[in-house]
Amino acid sequence: MEHTLAAFADEADGMIDGQIAALVENGISLLEIRGVNGRNIADIGAAEAKELRLRLDDAGISVWSVGSPFGKIGIGDDFEPHLEQFRRCLDTAGIIGAHTLRLFSFYVPAGKAEDCRGQVLERLAAFAGAARGYAITLCHENEKGIFGDVATRCAEIHRELPELKAVFDPANFVQCGQDTEEAWNVLAPYVWYMHVKDALPDGRVVPAGAGAGRLPFLLRQYKGSVLTVEPHLAVFAGLEKLEGGRKPALAPYCYPSQRAAFDAAVEALRALLKDA
């Protein structure tokens, strides 16, 4: 199946002009928007969102998804201000033309996830209720330390709140000790799209296909259209200075700049897709 690539371009450059350049030069026309000129997309107001939309439109870039931070607070933290910010971000998503918004299921105390189940579902239901009437699909991402960190609890969320779809992140599962093939078999009916990120068993993030995430298997199984590149690769930008200006030999999967890491992540995914 033909896939369309999106990317977290704030990993290439914190400034929007640099993000646009990274996308265009890599032949990617979709952005999963997260950081914009040093600020999180959730903190952007309406006027700035309109300017951002014009800038992206001029460059031929569309926003695929809002890579929001919602649900990335402790389950014991005050929820009302968080929910109010979420409501404002729904308006921002409409302005920039996004039809997908990723979120999380709250940090829970270690070993106490099931004790927090009811409160987690109540808060996620509040997000879903706030989003009704908006042309946007909410997608829960599996993440370390949150309620939905392993496949069984992610599935609980989707069964209880079917309007919430899944963002499947292989590296995050690896970092939680969750076998990604097993996770896929549980969550495939709920997957809306994938974040392409791989990791070694020790948790270090590596290019797609170089880790334990079973990316070739997942890409063969995935029937969606969009794949979001999320590099998270190691960068040692100051090493050249330490080496007196000489170009150093970097360890495998460590890159001299954010842009180099971003380009490597895109290249690795394209190589996997070519062989799939």
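For region 59-82, filtering for residues that are over 20 Å from the mean Cα position of the chain (by Cα), closer than 20 Å to Gly148 by Cβ and not charged (D, E, K, R) leaves 3. Of all residues in region 22-52, those satisfying the criterion of being touching a residue at least 24 places away in the same chain (Cβ under 8 Å) and part of a strand (DSSP E or B) are Leu30, Leu31, Glu32, Ile33, Gly35, Val36, Asn40.
Arg220 passes every criterion in (1) at pLDDT 95 or above; (2) outside any strand (DSSP E or B); (3) surrounded by 14 or more Cβ atoms within 10 Å (Cβ to Cβ) apart from (3). In region 102-131, the qualifying residues are those that are of a type in the set (Lys, Arg) and touching a residue at least 12 places away in the same chain (Cβ under 8 Å), and the one that is nearest to Glu80 (Cα to Cα) is Arg123. Restricting attention to region 252-276, the residues being open to solvent by 50 Å² or more (accessible area, probe 1.4 Å) and outside any helix (DSSP H, G or I) number 4. Looking across region 191-206, the residues that are open to solvent by 60 Å² or more (accessible area, probe 1.4 Å) and either in contact with a helix residue (DSSP H, G or I) (Cβ under 9 Å, 6 or more places away or on another chain) or assigned to a loop (DSSP other than H, G, I, E, B) (or both) come down to Pro201, Asp202, Arg204.
Tell me yes or no: at least one residue of region 57-75 is closer than 14 Å to Ile95 by Cβ and either open to solvent by 20 Å² or more (accessible area, probe 1.4 Å) or free of Cβ contacts under 8 Å to residues at least 24 places away in the same chain (or both). Within region 57-75 (the criterion being closer than 14 Å to Ile95 by Cβ and either open to solvent by 20 Å² or more (accessible area, probe 1.4 Å) or free of Cβ contacts under 8 Å to residues at least 24 places away in the same chain (or both)), the answer is yes, since at least one residue qualifies. For region 1-39, filtered to residues that are at pLDDT 95 or above, open to solvent by 20 Å² or more (accessible area, probe 1.4 Å) and in contact with a Lys or Arg (Cβ under 7 Å, 6 or more places away or on another chain), the residue that is nearest to Arg220 (Cα to Cα) is Asp10.
Please determine, by comparing only the residues of region 32-56 that are within 14 Å of Leu90 (Cα to Cα) and of a type in the set (Gly, Ala, Ser), which one is nearest to the chain's Cα centre (by Cα). My answer is Ala42.
Taken over region 1-17, the criterion of being more than 19 Å from the chain's Cα centre (by Cα) and part of a helix (DSSP H, G or I) is satisfied by Asp17 alone. For region 207-216, the criterion of being outside any helix (DSSP H, G or I), open to solvent by less than 20 Å² (accessible area, probe 1.4 Å), out of contact with any Lys or Arg (no Cβ under 8 Å at 6 or more places or on another chain) and at pLDDT 95 or above is satisfied by at least one residue. Tell me, please, whether a residue that is farther than 24 Å from Val36 by Cβ, surrounded by fewer than 15 Cβ atoms within 10 Å (Cβ to Cβ) and either of a type in the set (Gly, Ala, Ser) or more than 16 Å from the chain's Cα centre (by Cα) (or both) can be found in region 130-138. Yes, region 130-138 has at least one match.
The values are calculated or read from the model by the stated rules, or taken from the named source; none is laboratory data. Nothing here was measured: the structure is a model prediction, and the numbers come from that model. Every residue, glycine as well, gets a Cβ built from its backbone with ideal geometry; the counts of neighbours run over all protein chains shown. Ligands, DNA and RNA are excluded from the accessible area calculation, which covers all protein heavy atoms including side chains. Shrake-Rupley method; radii C 1.70, N 1.55, O 1.52, S 1.80 Å.
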